[in-house]
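The values are calculated or read from the model by the stated rules, or taken from the named source; none is laboratory data. Model, not experiment: these values are computed from the prediction. Methodologically, a virtual Cβ is constructed for each residue, glycine included, from the backbone with ideal geometry; neighbour enumeration extends over all protein chains shown.
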Ligand SMILES: Nc1ncnc2c1ncn2[C@@H]1O[C@H](COP(=O)(O)OP(=O)(O)O)[C@@H](O)[C@H]1O
Ligand SMILES: [Mg+2]
């Protein structure tokens, strides 16, 4: 009853030559909850619509329970879609909205028992006689869910169903959707651009970028072992710190990763993982440090596997239960082009008074210049030659964000000792591919 959905090298173009979905292959197991995650415009809805049969597949093949399904009309796919904009019939009560697909499916039969059972399941019995205009956003979305569920489809296709709701309601309905789909055990493909939604809902998360699948795996796997810098940067809050580094592996000395003004010294004997970095000698890499990889503590407090850095406090972001400290460590951040907008700008008008060294405008200009000079573009495309040597670029403030408890006393412009846990160190090559950690290659190497 619930179905397996397989995409085999599926592509789609709306205009000649420009693929919005590019050779996508995915195996979705019966009963699985798969989330398609990616920034706006990356092709998520197009994929969902091709699965639903609402959009033609240009190339590649779709299989439903192993049967070739490219040409199957939508009505024969036995799937229910839930959209962002609820899409209820305004002139029908909730009861009729939920019952409508049942009437279409089986014209002679009475939809009432199924409608009532669905309403009970969703806790919307008292909304059945209201019209969409008399419902709140969240209630409307529950009715829309009811309409999808009542038919007992073999798969749910949900396209950002919670995007139009406020944050609190979104969290609430997220939990409900999760519980409901698990209870029903129906294969679900859920589209979102919200990584936290993806992480909390999905059995697996498939990350798309520009129509190309970047990685598919459990939420834990895409967080802990992102295949590339895009996935690393897209998943996790606060965003992973990405710094440009240079690997130095002298024959007679310790291996280091230079981060502009400071460096990470890799402890001897080198871990198997760090040995993989040796071939990067003299090359630029991208160092990824999630906020949990760095803590504020003196070098004397270092545990095994921790190395020291120092950072200048640029900005404090109070979150209530924690504080995000934006440090300047004198490194240059690596940028992921599609993902730069959400990054909080360290220069805020409310900090104008306290600034040392130049007006806000001057600093913004420096920052803008650095972003333009930009060399630090982390892309999944082939390696581009590095246009500018490190010293030529202006310093960009706030290259490292660290999480800490709110009780810690920090001020702007304070120099603070930091410890980096190398067990949590990510290194990506210039094309953005992850070099370490690399669990696959480890056993092959000798000590
Ligand atoms: N009917 C269409 N005609 C032309 N271009 C389209 C059409 N639908 C989507 N696109 C384009 O295809 C790309 C992917 O769109 P979409 O699948 O809606 O992305 P997402 O759902 O990830 O935001 C976008 O660049 C979008 O502008
Ligand atoms: Mg969309």
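Key figures
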{"item": "Test: residue in the range 48-61 that is in a loop (DSSP other than H, G, I, E, B) and within 13 Å of ligand 2 (Cβ to nearest atom)", "result": "yes"}
{"item": "Extreme residue, farthest from residue 177 (Cα to Cα), among residues of the range 126-138 that are surrounded by 11 or more Cβ atoms within 10 Å (Cβ to Cβ) and free of Cβ contacts under 8 Å to residues at least 24 places away in the same chain", "result": "134"}
{"item": "Identity of the residue in the range 207-228, in a loop (DSSP other than H, G, I, E, B) and closer than 16 Å to residue 423 by Cα, that ends up farthest from ligand 1 (Cβ to nearest atom)", "result": "225"}
{"item": "So residue 141, is it under 25 Å from the mean Cα position of the chain (by Cα), on the phi < 0 side of the Ramachandran plot, assigned to a helix (DSSP H, G or I) and crowded, with 19+ Cβ neighbours inside 10 Å", "result": "yes"}
{"item": "Test result for residue 90, in a loop (DSSP other than H, G, I, E, B), within 16 Å of ligand 1 (Cβ to nearest atom) and in contact with a helix residue (DSSP H, G or I) (Cβ under 9 Å, 6 or more places away or on another chain)", "result": "no"}
{"item": "Qualifying residue in the range 71-80 (condition: exposed (fewer than 14 other Cβ atoms within 10 Å of the Cβ), modelled with pLDDT under 90, in the same structural domain as residue 12 (by TED's automatic domain parsing) and in contact with a helix residue (DSSP H, G or I) (Cβ under 9 Å, 6 or more places away or on another chain))", "result": "yes"}
{"item": "Single residue of the range 183-204 satisfying the filter (more than 16 Å from ligand 2 (Cβ to nearest atom) and outside any helix (DSSP H, G or I)) that is nearest to residue 24 (Cα to Cα)", "result": "204"}
{"item": "Residue in the range 11-25 that is away from ligand 1 (no atom under 16 Å from the Cβ) and assigned by TED's automatic domain parsing to the domain that holds residue 196 present", "result": "yes"}
{"item": "Residue identified as closer than 23 Å to residue 39 by Cα, more than 16 Å from ligand 2 (Cβ to nearest atom), in contact (Cβ under 8 Å) with a residue 12 or more places away in the chain and outside any loop (DSSP other than H, G, I, E, B) among 157, 102, 173, 180", "result": "173"}
{"item": "Qualifying residue in the range 13-36 (condition: assigned to a strand (DSSP E or B), over 18 Å from residue 207 (Cβ atoms) and within 16 Å of ligand 2 (Cβ to nearest atom))", "result": "yes"}
